[in-house]
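Q: Here's a structure for you.
The values are calculated or read from the model by the stated rules, or taken from the named source; none is laboratory data. Note that this is a predicted model, so its numbers are computed, not measured. Here the Cβ positions follow ideal geometry from the backbone for every residue, glycine too, while neighbour counts run over all protein chains shown. Protein only, heavy atoms only, side chains kept; ligands, DNA and RNA dropped before computing areas. Shrake-Rupley method; radii C 1.70, N 1.55, O 1.52, S 1.80 Å.
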Amino acid sequence: MTTKPKIFIDGESGTTGLEIYSRLNQRDDIELVSIEASKRKDANERAKLINAVDVVILCLPDDAAREAVSLVSNTRVKILDASTAYRTAIDWVYGFPELNPGQREKIASAQFVSNPGCYPTGFLACIRPLIAKGLLNSNFPITVNAVSGYSGGGKNLIKQYHAFHEQQAGAESLYPYGIYGLQFGHKHVKEMQHYSGLASPPLFIPAVGDFEQGMLVQVPLPLGTLDNPPSGEVIHEAIANYYQSEKFVQVVPFQDSTLLRDGTFLDAIALNGTNFVQVFVFANDTTKEVLLVARLDNLGKGASGAAVQNLNIMLGFPEELGLS
């Protein structure tokens, strides 16, 4: 009888950790192991467990993730880190299987894999094919506007919004929408630039909405500055071809309004509970304007779903196990 691979979620009580646990604990092809609550901060106990399993999934703040990695002494244990600590580290593999041809093979053979951020997942799904295919120059100035459900801020922000809801008592939202990151240099920008192939960081303006989960990432492309700008259909075709064999990246037909509410509104929550990311292309060739939009669940393909997908790849399992 084949031994089931052992998985340790270090930080399973956090938002991402709980989501990953809920996706894995019903599976009979792996064995989840946990550390006693009283020993979670005991470095010796954690080191024993980390080096005794097949895969460790780190759902920790950056510094704590770095500490956990420092405890690894077993070269056979694989580490999947959901923090931002190692996303652009040279000796780590970026866990976005659909990013480039051959990326999932790198994930499969790696000891250290970094799970992508939620915003970068949507951004890269939109922009990477256009840079890779040469439709956009790496020097093209890129702006990203995005909104996430408040679960993206972790337990503290969730708690704040739940308190707001109690104060509202069914009345109009106190804080329906707010942009943040106004000092720039958001922690996700580095991986956005690094893996997109852009020469300069994109101008990134994130926002939080008064809904628990779901995400829209918008990338407007003012193509009037180009001598021979590609048409909207050419851009759509390039993206569709790039992901034509991918299960979890869905490229919506060009200018399709059937997935818009009332044929008008592109809502953020439609993919909640799934590991899909949808890419939309809207264009006006006369005004030389294109809008790329990625829709995803910030806790799904933007976090825990992506982690399960990467785990499956790292274990040599079918990629879609435990995912929808």
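Q: With θ set to phi - 60° and the Karplus curve 6.51 cos²θ - 1.76 cosθ + 1.60, what are the ³J(HN,Hα) couplings of region 56-64 in order, to the nearest whole Hz, using x for Gly and Pro?
A: Once θ is set to phi - 60°, the couplings for region 56-64 become 10, 9, 8, 10, 10, x, 3, 5, 5 Hz.
Q: Based on the alpha carbon coordinates of region 189-254, what radius of gyration and maximum Cα-Cα distance (Dmax) apply, in Å?
A: That works out to 14.8, 43 Å for Rg and Dmax.
Q: Report the convex hull volume per residue for region 229-295, counting only C-alpha atoms, in Å³.
A: Looking at region 229-295, the number lands at 80 Å³ per residue.
Q: Same structure, new question: Per residue, how much accessible surface does the chain expose to a 1.4 Å probe? Answer in Å², no decimals.
A: 47
Q: Suppose the chain between Asp63 and Ser22 were pulled fully straight at 0.36 nm per residue; how much longer would it get relative to their current alpha carbon spacing?
A: Stretched out fully, the Asp63 to Ser22 stretch lengthens by 12.3 nm.
Q: On to the next question. Restricting things to alpha carbons, find the Rg to Rh ratio for the chain using the Kirkwood radius for Rh. Don't skip to the answer; put the middle values down first.
A: Values: Rg = 20.2 Å, Rh = 20.6 Å.
For the chain, the value is 0.98.
Q: Cross-link list Lys155/Lys187; Lys78/Lys106; Lys4/Lys41: which exceed 20 angstrom alpha carbon to alpha carbon?
A: Lys4/Lys41
Q: Express in nm, to one decimal, how much length is gained between Asn156 and Thr225 on full extension, taking 0.36 nm for each residue of separation and deducting their alpha carbon distance.
A: 20.5 nm
Q: Cα to Cα, under 18 Å, and not fewer than 8 places away if on the same chain: which aspartates and glutamates meet these conditions relative to Lys133?
A: Hits, sequence-local ones excluded: Glu98, Asp227, Glu233, Glu237, Glu246.
Q: Return the carbon/sulfur percentage of the accessible area of the chain, one whole number, probe 1.4 Å, all protein chains in place.
A: C and S fraction of accessible area: 50 percent.
Q: Consider all pairwise Cα distances in region 1-117 and report the whole-number % of them above 22 Å.
A: 31
Q: Label region 80-131 by shape, choosing from rounded, prolate and oblate, from the square roots a ≥ b ≥ c of the eigenvalues of the Cα gyration tensor; if a/c is under 1.5 it is rounded, and otherwise prolate applies when a/b is larger than b/c, oblate when it is not.
A: Note, shape of region 80-131 comes out oblate.
Q: What is the gain in length, in nm to one decimal, between Asn284 and Asn51 on full extension, counting 0.36 nm per residue of separation less the C-alpha to C-alpha distance?
A: Separation in residues times 0.36 nm, less the Cα-Cα distance, equals 78.4 nm.
Q: To continue, here is another question. Nearest 500 deg cm²/dmol is fine: what mean residue ellipticity at 222 nm does the chain get from its DSSP H runs of n ≥ 4 alone, each adding -39,500 (n - 2.57), divided by its residue count?
A: Values: 9 runs with 94 residues, N = 324.
Taking each H run of at least 4 residues, the total per residue is -8500 deg cm²/dmol.
Q: Give, rounded to the nearest 20 debye, the magnitude of the charge dipole that the chain has about its Cα centre when Lys and Arg contribute +1 at Cβ and Asp and Glu contribute -1 at Cβ.
A: The dipole magnitude comes to about 760 debye.
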